[in-house]
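Quick notes on the structure that follows.
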Amino acid sequence: MTDPVYRTDRPVTLLGAGDASPDDLEQACRRAPQLFAADGGADTARKHNKVISAVIGDLDSLNIVEYWQKSGIPIHHDQDPQTTDFEKCLQTIEAPGYVGVGFLGLRVDHQMAALHALARFADRKILLIGPHDVICHCSGRVSFKAEIGQRVSLFPLLKVTGVHSTGLEWNITGLTMESGIKIGTSNRASSTRVAFEFDDKGCLLMLPRASFGALADHLFG
């Protein structure tokens with residue numbers, strides 16, 4: 001893994017070329033003001049009049065590359081075919097947290113690649129915003145505010161077992177989940193505070209889009 005080029009003591013927003021509404025981008029930047037563009041995300045930033053700190057990626061989806069080359073904004077051209085533009089951003093930037101916008105929706109393969117990156121960089125605090133969901137990796141004890149009855153979906157990418165849980169309609173304590181065998185989607189909150197923990201890394205938490213603030217509070221404080 002390459003050494004990071006940027007280091008910051010505050011969470012950053014990473015902008016991809018997928019679905020990124022103005023509201024999503026505004027909310028992300030309020031929580032993590034410094035904005036970096038993953039390849040074609042730079043065009044989205046320009047569309048919404050957002051200032052970016054750098055463009056990072058293989059540049060295969062960036063329109064009018066000459067414009068960005070003349071803009072004075074640093075461009076980090078990384079042609080490694082083994083990493084996505086999202087992963088290139090995570091390798092280039094060292095921060096206490098990341099809010100990703102524009103990595104969910106549109107192409108399913110791109111969305112799956114973004115979820116893969118959450119598991120690959122499981123030691124990072126990363127929150128993805130999509131049109132209907134917010135998603136993060138479950139590391140250590142997870143605890144967040146919820147509305148009773150709201151959807152709490154748990155999707156294992158690797159084999160994990162619940163160590164304990166409170167506030168879930170279907171308790172996951174002692175439950176082993178593994179992709180292709182047993183998953184935990186469409187669970188529901190039975191309390192205004194949900195908390196749980198798994199024995200290992202490898203499970204994703206998916207909540208309704210309206211839960212962005214609650215999940216950001218959990219991840220970034």
If I compute solvent accessible area with a 1.4 Å probe over the protein chains, what percent of it on the chain is carbon and sulfur? 49
From phi via Karplus (6.51, -1.76, 1.60), per-residue ³J(HN,Hα) for the stretch 4-14 in Hz, x at Gly/Pro: x, 8, 10, 10, 9, 9, 10, x, 10, 9, 10
Chain lengthening between Ala210 and His132 when straightened (0.36 nm per residue, less Cα-Cα): 27.2 nm
Where does each of Leu175, Leu215, Leu158 land when they are ordered by accessible area, with a 1.4 Å probe and the largest first? Leu158, Leu175, Leu215
Over 23 Å (Cα to Cα) among Lys125/Lys182; Lys125/Lys201; Lys88/Lys159; Lys70/Lys125; Lys88/Lys182 -> Lys125/Lys182; Lys88/Lys159; Lys70/Lys125; Lys88/Lys182
Which label belongs to the value computed from this structure, given these candidates for Cα Rg over 2.2 N^0.38 Å: (1) 1.02; (2) 1.09; (3) 1.58? (1)
Under 8 Å for C-alpha pairs, at least 6 residues apart: give me the relative contact order for the chain, rounded to a whole percent. 20
Let me know the longest stretch in the chain that avoids all GluC sites (Glu not before Pro) found in a DSSP loop with at most 16 other C-beta atoms within 10 Å. 1-146
Accessible surface, the chain, averaged per residue in Å² (probe 1.4 Å): 48
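The values are calculated or read from the model by the stated rules, or taken from the named source; none is laboratory data. Not measured: the values here are computed from a predicted model. Note: ideal-geometry Cβ built from the backbone for every residue, glycine included; neighbour counts use all protein chains shown. Areas reflect the complete protein model, heavy atoms only, side chains present, ligands, DNA and RNA absent. Shrake-Rupley method; radii C 1.70, N 1.55, O 1.52, S 1.80 Å.
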